[in-house]
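The values are calculated or read from the model by the stated rules, or taken from the named source; none is laboratory data. Source: prediction; values computed, not measured. Positions of Cβ are backbone-derived with ideal geometry, glycine not excepted, and every protein chain shown enters the neighbour counts. Side chains are part of the model used for accessible areas, which takes the heavy atoms of the whole protein and leaves out ligands, DNA and RNA. Shrake-Rupley method; radii C 1.70, N 1.55, O 1.52, S 1.80 Å.
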Amino acid sequence: MQDERSVRLEKLTALQRQGIDPYPSAASGRTALCAEARASFDPWLAEGKDITFAGRIMTTRIHGAMLFADIRDASGSFQIQLTADRGEDLFNRFRDLVDPGDIIQATGTLFNTKRGEPTLAVSDWAMLTKAILPLPEKWHGLQDVETRYREREIDLIANEEVRNRFIVRSKLVSSLRRFLDAQDFLEVETPILQSIPGGANARPFITHHQALDIDLYLRIAPELYLKRLIVGGFEKVYEIGRSFRNEGIDYAHNPEFTTIELYWAFVEKDRFVTFMEEMVTTIVEAAVGSTKVPYEQGELDFTAPWKKTTFREAVRDACGIDIDDHRTADALVAAAHAKGLSVDFSGCVGIGEHYDQLFKKTARAGMTQPTWVFDYPVDLKPLAKRSPADPSKSACVQLVVQGAEIINAYYHELNDPVDQRERFQEQERMRVEGSEEAQRIDEPFLRALEHGMPPTSGMAIGIDRLVAFITDSPNLKEVILFPTLRPESGV
């Protein structure tokens, strides 16, 4: 690479000697995108229309006094042709000084080659940006996974399917905003730096504010602040943004991730569940054109309504253990061992974390199509009300797809400040016992609840995971532009 870099630097110098700025400040004179030229090819050909492309040269092919190149812009690619008889100096300068990766503008008229390929006959061209480093592996694209994640800009240049994946992501988020705005939800922003990390069971990142001389945490969820806005009189609020959890990195987890959280006061349970189904089906179809998407060797069908089960039923059906018959951690572990289940409960603190581990390794792992799982044990959901039908269960529902949680929702958010304080105190006891994910007592939030929060439903969606499923991306790093990676050696 260093040899080719040196060659390109020599070409850059040659351009400068000819009085050509390899990085001109003036905007390009582009008059058409590549896709526009393809769509309007026949009328523009008949008209003899002069058009100017601006984009990156991807390949060049020289045939004596004729050369072809492919130019690419954000809309796609188009073939261009230069010949010596149209301008020997222009032809020679392009042949000798332009490399794949350079960004140029090219002006000319359209024609069809003998093979029927729409092509621009170039009458003039100009250098816009000289690339010093070559494109990866020339025509074969960038294949090394580690390099793809570290140098995403090169990945986007080399791999069209990667660019399309992030276009899908952008369409999904845009559609999500349109859907919620049309339903009269208000988009808001809440603090990322927080004095108390709350709203989820997770280990936070910690930092220090020098001027205030206090420790702060990167938020693990925006939930508690959004609920305080419900107390303040907003009845429909949402936030799309980053949260951070100081936990493991694998194919399904990244330390920083994007979520949508929303809260809706005075909504009835069934209406809220239907609303979530409408929202997901709408944004999936807007992003990929269908509610059915290919995934691995099969298909995921997001067409509503989705299958429904309960946490208890799902565990019982998957492994034969009825959680209602095992109310202590020791009893649950003994039952799992008696069934011959290979579930690792080490590190679990409290019966809730034991239930969760059993569910993840047995029931959840077997769920492929979108499935609602209702009524998680109350020990797992310290911010949800108890189920009216069974106080040992929470008024919670999760959407599971391919063994992963996509939506976490409380159809009855906990608004009893006394019960909430007791739940926080239990979480604090778990933290003292060694749980790294237990929540803290948040006095400002409890004080807000004491002012009165109306009956509220709330939910969160992991945007990264949803995009991974609808783009057939089994690794979350494929749908995060710049995923967290270990620094390169020596960097």
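From the Cα gyration tensor of segment 151-294, with a ≥ b ≥ c the square roots of its eigenvalues, which class applies: rounded if a/c is under 1.5, or else prolate if a/b is larger than b/c, or else oblate? Cα axes put segment 151-294 in the oblate bin.
Normalised per residue, the accessible area of the chain is 47 Å², obtained with a 1.4 Å probe and no contribution from ligands, DNA or RNA.
Here the Karplus curve 6.51 cos²θ - 1.76 cosθ + 1.60, taken at θ = phi - 60°, turns the phi angles of segment 261-268 into couplings of 10, 9, 9, 9, 7, 6, 9, 7 Hz, with x standing for Gly and Pro.
Which of [x] 26.4; [y] 24.0; [z] 23.2 is the computed Kirkwood radius over Cα pairs in Å for the structure on display? Read-out taken from this structure: [x]. When the trypsin sites (Lys or Arg not before Pro) in segment 89-171 are filtered for DSSP coil states and for at most 12 other beta-carbon atoms within 10 Å of their beta-carbon, the remaining sites are Lys114, Arg115. Backbone phi angles across segment 25-33, fed through the Karplus curve with coefficients 6.51, -1.76 and 1.60 (θ = phi - 60°), yield HN-Hα couplings of 7, 5, 5, 5, x, 4, 10, 7, 8 Hz in residue order; Gly and Pro are listed as x. For segment 120-213, the fraction of 1.4 Å probe accessible surface lying on carbon and sulfur atoms is 53 percent. Considering only Ser40, Ile51, Ile62, the residue lying farthest towards the positive end of the dipole of segment 28-73 is Ile62, judged by Cα position with unit charges set on Cβ. Using only alpha carbons, segment 447-487 has a radius of gyration to Kirkwood radius ratio (Rg to Rh) of 1.32. Given Lys114/Lys477; Lys11/Lys477; Lys49/Lys114; Lys307/Lys477; Lys171/Lys308; Lys339/Lys381, which pairs have Cα atoms separated by over 32 Å? Check vs 32 Å cut-off fails for Lys114/Lys477; Lys11/Lys477.
Here the 3J(HN,Hα) profile of segment 34-46, calculated from phi with Karplus coefficients 6.51, -1.76 and 1.60 at θ = phi - 60°, is 4, 5, 5, 5, 5, 5, 10, 4, 4, x, 5, 5, 4 Hz, Gly and Pro shown as x. With Cα atoms defining each centre, segment 434-460 and segment 94-127 are spaced 62 Å apart in the structure. For Lys49, neighbours were defined as the other residues whose beta-carbon sits under 13 Å from its Cβ, and their charges (Lys and Arg +1, Asp and Glu -1) total -4.
All other residues whose Cβ lies under 13 angstrom from that of Phe68 are scored, Lys and Arg at +1 and Asp and Glu at -1, for a net of +2. Counting only Cα atoms, the size of segment 395-487 along its three principal axes is 45, 33, 22 Å, in decreasing order.
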